[in-house]
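Visitor: Take a look at this one; I'll ask things after.
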């Protein structure tokens, strides 16, 4: 008999997981307390942008395998329950807010049938799964809990769910592993690496992975500072060290740093939990990783002042990009928007363009001016800031763009544009970590 699956929480992670589990052939019910969100998903609309997900959602709804509800009784006959709720940073510190995770468990534990497996996918501090399993067994002794961390990249979430780079499962019983092997049978048939761990290790994997990625990004941004001081070129430096197979070229693109709803808060929560465990000194270096990342934004403001004017009052600045990364409308902790706000606060007239994130950016920073037309954004600009590396920006013709701006000055905050091409078209081109030569 095919397993029936529930997904608790239908935000970015949950909506993606529900649609993909349905695509793998399971009957899936997604649960959320927000009626508007459930209505939207049931109608085949996702309330955020993720390439390919809305099309997959609509396709799976037509099969009849995928449904959504606000009623927890809808999960009573499900065999596996994935908890996919958010774990935001606490308002009063660096630690993760686990209230949604524990409230989800309390809601489903009395409802689920005997023999059910609850599977956490949310990013949580180590030790959370053990507490949740103990609580689950208090309420429902015939159930079990495992942990299966997610490794989704925004912009590639569907691909990362259907064809993951690895599957990590933290289990406390053989039966839990057996059930998860059945859930991921198609992935395992494709030879996806399968890593079985205890509950604490499975929880630590996600924090460790994100901390390593953050460290790599901040490292190359630190090298950008050194390159500027020494008159070097960080893009060439990154290319050279990236050929070393021990280092690799991924995440070695210097610029304004990382953002989004996961990496910054996961990094801080990882540090906070290590401190609670008495191992804070081991992760002390991550404080500097976080500091370097935030300093990259300040350095961009300094570069703006150096290249345009110390006094930005009345200057027209066009900002290309609002999302924290391309192929996403996520503006949480977006370096691009942070810089746009700071430039505006310094007195400049700022207009922001983004292919997908204008709506979410307006909700977060309504005082900024926005335009859905690139030419209108650039018209009369004294400075162009390239802050999110969308393909549409990389494909701009510098000669055409030159005709609409007041001053041909561009600062590439992502080191993603062709410097020679822009300079040959008559632009003054600057970027972090690259000396002007």
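Conditions tested, residue by residue: (1) touching a residue at least 12 places away in the same chain (Cβ under 8 Å); (2) surrounded by 15 or more Cβ atoms within 10 Å (Cβ to Cβ); (3) farther than 30 Å from residue 55 by Cβ.
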residue: 186; (1), (2), (3): yes, no, no
residue: 201; (1), (2), (3): yes, yes, yes
residue: 204; (1), (2), (3): yes, yes, yes
residue: 216; (1), (2), (3): yes, yes, yes
residue: 222; (1), (2), (3): yes, yes, yes
residue: 237; (1), (2), (3): yes, yes, yes
residue: 241; (1), (2), (3): no, yes, yes
residue: 254; (1), (2), (3): yes, yes, yes
residue: 269; (1), (2), (3): yes, yes, yes
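Visitor: Also, quick follow-up: Out of region 1-37, which residues are within 15 Å of residue 72 (Cα to Cα) and touching a helix residue (DSSP H, G or I) at 6+ places or on another chain (Cβ under 7 Å)?
Guide: 5, 6, 7, 8, 9, 10, 28, 29, 30, 31, 32
Visitor: OK, next. For residue 201, state whether it is closer than 26 Å to residue 290 by Cβ and touching a strand residue (DSSP E or B) at 6+ places or on another chain (Cβ under 9 Å).
Guide: yes
Visitor: Read through the list (1) surrounded by fewer than 20 Cβ atoms within 10 Å (Cβ to Cβ); (2) touching a helix residue (DSSP H, G or I) at 6+ places or on another chain (Cβ under 8 Å); (3) in a helix (DSSP H, G or I), then give the number of the only condition that residue 404 fails.
Guide: Result: residue 404 fails condition (3) only.
Visitor: Which condition number does residue 41 fail, the rest of (1) closer than 21 Å to residue 202 by Cβ; (2) in contact with a strand residue (DSSP E or B) (Cβ under 6 Å, 6 or more places away or on another chain); (3) part of a helix (DSSP H, G or I) being met?
Guide: (1)
Computed from the coordinates by the stated procedures, all read-outs in this text should not be read as laboratory data. Note that this is a predicted model, so its numbers are computed, not measured. So basically every Cβ, Gly included, is an ideal-geometry build from the backbone, and we count neighbours across all protein chains shown.
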